[in-house]
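Peer 1: One structure is given below, represented as structure tokens, and several questions about it will come after.
The values are calculated or read from the model by the stated rules, or taken from the named source; none is laboratory data. Quick caveat, the model's predicted, so the values are computed rather than measured. Neighbour counts are summed over all protein chains in view; Cβ atoms, including those assigned to glycine, are modelled from backbone coordinates with ideal geometry. In case anyone asks, the SASA skips ligands and DNA or RNA and just uses the protein heavy atoms, side chains included. Shrake-Rupley method; radii C 1.70, N 1.55, O 1.52, S 1.80 Å.
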Amino acid sequence: MKDSNALSRKRRAAPSFLDPLGGRAGRSPALGALSTELIHHAYEPPAGFAAPQPGVHKASTVIFPNTAAMRARNWKEKAGYTYGLHGTPTTFTLEERIATLEGGRHTLLLPSGLAAITLVNLALLKAGDEVLIPDNAYGPGKELARNELKGWGITHRFYDPMKPEALAGAIGPATKLLWLEAPGSVTMEFPDLVALIRVARAKGVVTALDNTWGAGIAFKPFELRAADGEEPLGVDISMHALTKFPSGGGDVLMGAVTTRDEALHLRLKFTHMRMGWGVGANDTETLLRALPSLTLRYAAQDRAARALAEWFARRPEITQVLHPAMPGSPGHEHWQRLCTAAAGLFSVVFDERYTTAQVDAFVDSLKLFKIGYSWAGPMSLVVPYDLSSIRDTPAWRGVLVRFSIGLEAVEDLIADCEQALPA
Ligand SMILES: Cc1ncc(COP(=O)(O)O)c(C=O)c1O
């Protein structure tokens, strides 16, 4: 390293009109020189600091020791650093941990789960291509297809994920990407993922799963098996809204895109770099802090959600409880075959004799459950949905209420629902 202090000592001796902060002999050092010393101070902390918590590195600029090193470094590799947007020790650490969680090899981080969905679409599709999206997919992802993708000449088709036998007929020569989501958003149908992937693979279509619900815990997206002992048939890409379970605090927005295949990862990484989608060090650190308790939180919210779902199943006001682990819920048999756990999330459908206003009155009467989007945070949340407005399928009728179960005592949550139902 250059001796920065020697540089500032030399400057201190020559205050001038152009250096109004310059010091005088025998008096305080020049303020300008002091700034230089505070920025270029020669002290370097000893190497080898070790603590359980990873450091928080904040940088746009990364300093190279010399020009040869600058020329030798490659932003695509993790052997060195080139620029804050391309990665820091903090973001590389989170990428490695999310890849481990998902059972993948490479992870890219994005500013939200929706941005992660966007990255996959932009990296893999061009004008003239078609993308297939489950009709029960996360709504804003469908809106992206209906608006931006359409405007860029990329067509889409919504397919019924509960009918894998019909998928082959929906895939045409222009189809390049098949989205999967397990279970579907809000209506919670759990598809036969292996059957869907098998069709896509046979047709040479890349598969991308929104794995936010499974979170790398309920099932392993790259190692799905039709039955015990069978060869694994995994997805090509796992997209994850880290906003939900990995954060767990309801205080960070972030997304991840994980792959096993190096070439596919590089396709995604080029687009990621060119779009300038970086994540902040503080958000990354918040996630790194939350990850150690992820499996405990997931299990606790799973337990509480099942207790509450069972309680609702016994209520006369409710015609259906939509929770993949519950017998009778759509696709329960696929959940049973593929999963070892479930997220703390379920929906209930009110009997048709109740009006939207009555169901709203129930939701408004809840005290512990707060009305708000998102899930997997410490506070339980609730959102009413008018089914006909979110699904094209005419089979869906009535008012549905989705519950995201937090970390409160389950008996308090049941008591809250009990006091609100008479409303
Ligand atoms: C299934 C699913 N995928 C993706 C997202 C998007 O995540 P984010 O809110 O981080 O954009 C959400 C958000 O609710 C979601 O529920």
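Peer 1: ARG71 versus THR100, label points 7 Å from Cα toward the beta carbon: distance in nm?
Peer 2: In this crude label model, ARG71 to THR100 measures out at 3.8 nm.
Peer 1: Next question, about the same structure. Could you sort GLU77, GLU352 by their accessible area in this structure, using a 1.4 Å probe and putting the largest first? Numbers along the way, then the final one.
Peer 2: Numbers: GLU77 100, GLU352 125 Å².
The most accessible residue leads, giving GLU352, GLU77.
Peer 1: Next question, about the same structure. Non-local amide H neighbours of LEU209 (under 5 Å, H modeled in plane, Pro and chain starts lacking H): which ones?
Peer 2: Result for LEU209 returns LEU180, ILE237, SER238, MET239.
Peer 1: Could you tell me what fraction of 2.2 N^0.38 Å the Cα radius of gyration of the range 121-222 comes to, as a two-decimal ratio?
Peer 2: Working: Rg = 12.9 Å, N = 102, 2.2 N^0.38 = 12.8 Å.
So the range 121-222 has a normalised radius of gyration of 1.01.
Peer 1: Ignoring ligands, DNA and RNA, how do LEU108, LEU122 rank by accessible area with a 1.4 Å probe, largest first?
Peer 2: Values: LEU108 5, LEU122 40 Å².
Output order, biggest surface exposure first: LEU122, LEU108.
Peer 1: Further question on the same structure: Accessible surface of SER185 in the full protein assembly, 1.4 angstrom probe, to the nearest 10 Å²?
Peer 2: It works out to around 20 Å².
Peer 1: If you don't mind, there's one more thing I want to ask. Name the long-range amide H neighbours of VAL399: under 5 Å, sequence gap of 5 or more, or other chain; modelled H, no Pro or chain starts.
Peer 2: PHE350
Peer 1: Express in Å², to the nearest 10, the accessible area of GLU181 obtained by rolling a 1.4 Å probe over the protein heavy atoms while all chains stay in place.
Peer 2: Answer for GLU181: close to 20 Å² accessible.
Peer 1: So what is the accessible area of the range 139-182 per residue, in Å², with the probe set to 1.4 Å?
Peer 2: Values: 2060 Å² over 44 residues.
That works out to 47 Å² per residue.
Peer 1: When the dipole is taken about the Cα centre of the chain, and only Lys, Arg (+1) and Asp, Glu (-1) are charged at their Cβ, what size is it in debye, to the nearest 20? Intermediate results must be reported in sequence, preceding the final value.
Peer 2: Working: 44 positive and 44 negative charges, 428 e Å.
I would put it at about 2060 debye.
Peer 1: Per the Debye formula with a single identical scatterer at each Cα and no solvent contribution, what log10 I(q)/I(0) holds for the range 170-215 at q = 0.15, 0.19, 0.22, 0.31 Å⁻¹?
Peer 2: Scattering profile of the range 170-215, log10 relative to I(0): -0.40, -0.61, -0.77, -1.14.
Peer 1: Let me ask something else. Determine the calculated [θ] at 222 nm for the chain from helices alone, applying -39500 (n - 2.57) to every DSSP H run no shorter than 4 residues and normalising by the residue count; nearest 500 deg cm²/dmol.
Peer 2: Numbers: 15 runs with 147 residues, N = 423.
Here the helix-only value at 222 nm equals -10000 deg cm²/dmol.
Peer 1: Just flag the trypsin sites (Lys or Arg not before Pro) in the range 365-423 sitting in loop per DSSP whose Cβ has no more than 14 other Cβ atoms within 10 Å.
Peer 2: On the way: sites: LYS367, LYS370, ARG391, ARG397, ARG402; in loops: LYS367, ARG391, ARG397.
Here the sparse-neighbourhood loop sites are LYS367, ARG397.
Peer 1: Can you give the extra length, in nm with one decimal, that the chain gains between ASP360 and VAL56 once fully stretched, where that is 0.36 nm per residue apart less the Cα-Cα distance? Write out the running numbers ahead of the final one.
Peer 2: Details: separation 304, 0.36 × 304 = 109.44 nm, distance 4.41 nm.
Answer, rounded to one decimal: 105.0 nm.
Peer 1: Carbon and sulfur together cover what percent of the accessible area of the chain at a 1.4 Å probe radius?
Peer 2: Working: 11540 of 20600 Å².
Using a 1.4 Å probe with all protein chains present, the chain comes out at 56 percent carbon and sulfur.
Peer 1: Which distance in Å, rounded to a whole number, links the C-alpha centroids of the range 85-141 and the range 34-50?
Peer 2: 37
Peer 1: Working only with C-alpha atoms, what are the Rg and Dmax values of the chain, expressed in angstrom?
Peer 2: 26.3, 90
Peer 1: Under the classification rounded if a/c is under 1.5, otherwise prolate if a/b is larger than b/c and oblate if not, where does the range 346-423 fall, given a ≥ b ≥ c as square roots of the Cα gyration tensor eigenvalues? Don't skip to the end; give the middle numbers.
Peer 2: Values: a/c = 2.42, a/b = 1.48, b/c = 1.64.
Oblate is the answer for the range 346-423, as a/c is 1.5 or above yet b/c matches or exceeds a/b.
Peer 1: Farthest toward the dipole's positive end in the chain, which of ALA300, LEU413, ALA361, given Cβ charges of +1 (Lys, Arg) and -1 (Asp, Glu) about the Cα centre?
Peer 2: ALA300
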